[in-house]
Amino acid sequence: MKLGRVTGRVVSTIKVESFQGVTLLLVQPLDEKLETIGDPIVAVDTVRAGIGDLIYFETSREAGRVLENVMNPCDAAIMGIIDDIYIENKK
Amino acid sequence: MILGKVIGNVVSTIKAKGYESKKILIIQPINPAGNPKGKTFLAIDAVQAGVGDIVLTIDEGNSARTVINEPDTFTIRTVIAGIVDEIAM
């Protein structure tokens, strides 16, 4: 899993059948200091995250299993919304 | 398996199915000498690890299901599978 922030919504009308009714969000991966790492990705949302929310997401086959129809082409999914992060103070 | 150090934890109330009541920790991958190496990631804790512990993490779905002993949880991929006492070189 990785940290990320929801930065936008992706609207798509014509899509594969297994994605019908599924929310797609733009997610910017972050490091532990909440600084941007890499390029934004599109992830499936089942936890009703909104723009600006801090989230964690999982990629690969495990992401597709959050949807009812498991025969889907999903490779990234938001797994939860973060309330708080605690980091040990480095000396 | 990835050698890492637990540097923090994440509090989350709203979670996807399979993640309910599981502790999520922030892992900094390290090299055998103990120095940070690479990008941090999050992992589900299966061994009651805490901040500061050196741990063994697995980033593979089938192994993760085995470690958390939930064969029907298909959404979890990254888990902490052990706490390291010592690395002898």
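For every residue, the table says whether it meets (1) touching a residue at least 12 places away in the same chain (Cβ under 8 Å); (2) surrounded by 13 or more Cβ atoms within 10 Å (Cβ to Cβ); (3) under 15 Å from B:MET1 (Cα atoms); (4) in contact with a helix residue (DSSP H, G or I) (Cβ under 8 Å, 6 or more places away or on another chain).
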position	(1), (2), (3), (4)
B:ALA46	yes, yes, yes, yes
B:GLY52	yes, no, no, no
B:LEU56	yes, yes, yes, no
B:GLU70	yes, yes, no, no
B:ARG77	yes, yes, yes, yes
B:VAL84	yes, yes, yes, no
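Can you pull out the residues in the range A:44-91 that are touching a strand residue (DSSP E or B) at 6+ places or on another chain (Cβ under 9 Å), without any contact (Cβ under 8 Å) to a residue 40 or more places away in the chain, more than 17 Å from B:LEU42 (Cα to Cα) and surrounded by 12 or more Cβ atoms within 10 Å (Cβ to Cβ)?
A:VAL44, A:ASP45, A:THR46, A:VAL47, A:GLY64, A:ARG65, A:VAL66, A:ASP75
Restricting the search to the range A:48-87, which residues are more than 20 Å from B:THR73 (Cα to Cα), part of a loop (DSSP other than H, G, I, E, B), facing chain B (nearest Cβ under 10 Å) and touching a Lys or Arg at 6+ places or on another chain (Cβ under 9 Å)?
Matches in the range A:48-87: A:ASP53 only.
Of the residues A:LEU34, A:LEU3, A:LEU24, A:LEU30, which single one is surrounded by fewer than 15 Cβ atoms within 10 Å (Cβ to Cβ) and either more than 9 Å from every other protein chain (Cβ to nearest Cβ) or in contact (Cβ under 8 Å) with a residue 12 or more places away in the chain (or both)?
One residue alone meets the criteria, A:LEU34.
What strands (runs of 3 or more DSSP E), lying completely within chain B, carry at least 3 residues that are at the interface with chain A (Cβ under 9 Å from one of its Cβ atoms) and in contact with a Ser or Thr (Cβ under 8 Å, 6 or more places away or on another chain)?
B:24-29, B:41-45
Taken together, the values in this text are just the output of simple stated rules run on the coordinates, not laboratory data. What you see is a predicted model; the values in this text were computed from it and never measured. All Cβ positions, glycine included, derive from the backbone under ideal geometry; neighbour counts span all protein chains shown.
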